[in-house]
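Single-structure report; data block below.
The values are calculated or read from the model by the stated rules, or taken from the named source; none is laboratory data. These figures come from a predicted structure and were not determined experimentally. Positions of Cβ are backbone-derived with ideal geometry, glycine not excepted, and every protein chain shown enters the neighbour counts.
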């Protein structure tokens, strides 16, 4: 008798748990839809249902991996989106657009976290020139994306329409609404009528699924991804610092005890190892954890020169000189404040000596306590590589001496 009672109680607990899990699951879905102005009838959408049925595979092979890829960007984007007062689901629009890769580049020539086309990027204040591509700047591109989404929302009146217009264009969505005779999402996604491109029909479903998964606490905890849960304002992984135009970031990297490539990863918007010489000041990003070290060890007034002084020879042109340094002739003109194309023999030009993506070396000044192993680890090199590059027969090094560090 007692065993039957225990069994009944256990079954009641199980059924109650299942009921509340289902209710909680349904509640999360409804909340996501509500935030995007989508009617709950969308839950019956065949393609959306199919995506949910394949959710376990999607979680394991794409969603979690993409979340981890965007770990440094998620806190920044989430905070900015919250402050702007737009649906947090748009955080996952960036995920759908670029996989949280600031260097993502499409066949259509869209670039960055938010996959801006150059024309649209410039309309919303992003600079694209010889020195920078701010579509790859996590802060500035997110500011631009928020402005653009608000403009789209003002035009169409609903957030899901703004998201689709972001993906396929305002004109395309406007024509789809006119052809369908309604802006109802369920109708617009009709697979037979094809009011919208196939990519856009899948895109909005994908954004909704990603937003839904991000609210699934049990799933995130079970997969050790609970640090992505929205628990209010999160601390950004990087901070912004201002440098004067034409400043080399080699010195910043050295002061922060980072390799150039490590610092470069925080600044994907820079095309070269220096800030734009045509700007009085320009920003870079450094890891948040290095901020105190930056304030203590970096002296902007003592940035060492990483430029050559080139003496113009007979027959030289800006184009020929630029070829020697593997940079644009415009950069040489900008650094020297020259507007004409005329050069005179004997004239001296300041020329950036190295491009960040080149194989040109940088140098490390050996400090007390350094070893070849500690230095090679810092620059992601092997001891053998350091020895070979510097023609060292053994591992004895002396403080004050310099080692050549090849940039890979």
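Quick notes on this one:
- Residues that are surrounded by fewer than 16 Cβ atoms within 10 Å (Cβ to Cβ) and under 30 Å from the mean Cα position of the chain (by Cα), drawn from the range 175-201: 197, 198, 199
- Residues satisfying the criterion are absent from the range 95-102 (criterion: in contact with a strand residue (DSSP E or B) (Cβ under 6 Å, 6 or more places away or on another chain) and not in a loop (DSSP other than H, G, I, E, B)).
- Any hit, the range 146-159, residues being at negative phi, crowded, with 23+ Cβ neighbours inside 10 Å and either in a helix (DSSP H, G or I) or in contact with a helix residue (DSSP H, G or I) (Cβ under 8 Å, 6 or more places away or on another chain) (or both): no
- Just one of the numbered conditions (1) at pLDDT below 85; (2) crowded, with 19+ Cβ neighbours inside 10 Å is not true of residue 261: (2).
- Every residue from the range 284-309 that is at pLDDT 80 or above and over 16 Å from residue 237 (Cα atoms): 295, 296, 297, 298, 299, 300
- Against the test of being at pLDDT 85 or above, out of contact with any helix residue (DSSP H, G or I) (no Cβ under 6 Å at 6 or more places or on another chain) and not assigned by TED's automatic domain parsing to the domain that holds residue 265, the options 384, 313 yield a single qualifying residue, 313.
- Cβ pairs under 8 Å, 6+ apart, first in the range 275-288 and assigned by TED's automatic domain parsing to the domain that holds residue 328, second in a helix (DSSP H, G or I) and surrounded by fewer than 17 Cβ atoms within 10 Å (Cβ to Cβ): none
- In the range 117-130, residue nearest to residue 106 (Cα to Cα) [restricted to those that are part of a loop (DSSP other than H, G, I, E, B) and out of contact with any strand residue (DSSP E or B) (no Cβ under 7 Å at 6 or more places or on another chain)]: 117
- Residue in the range 286-305 that is crowded, with 18+ Cβ neighbours inside 10 Å and assigned to a strand (DSSP E or B) present: yes
- Residue under evaluation residue 65, criteria (1) in contact with a helix residue (DSSP H, G or I) (Cβ under 9 Å, 6 or more places away or on another chain); (2) farther than 28 Å from residue 175 by Cβ, criterion not met: (1)
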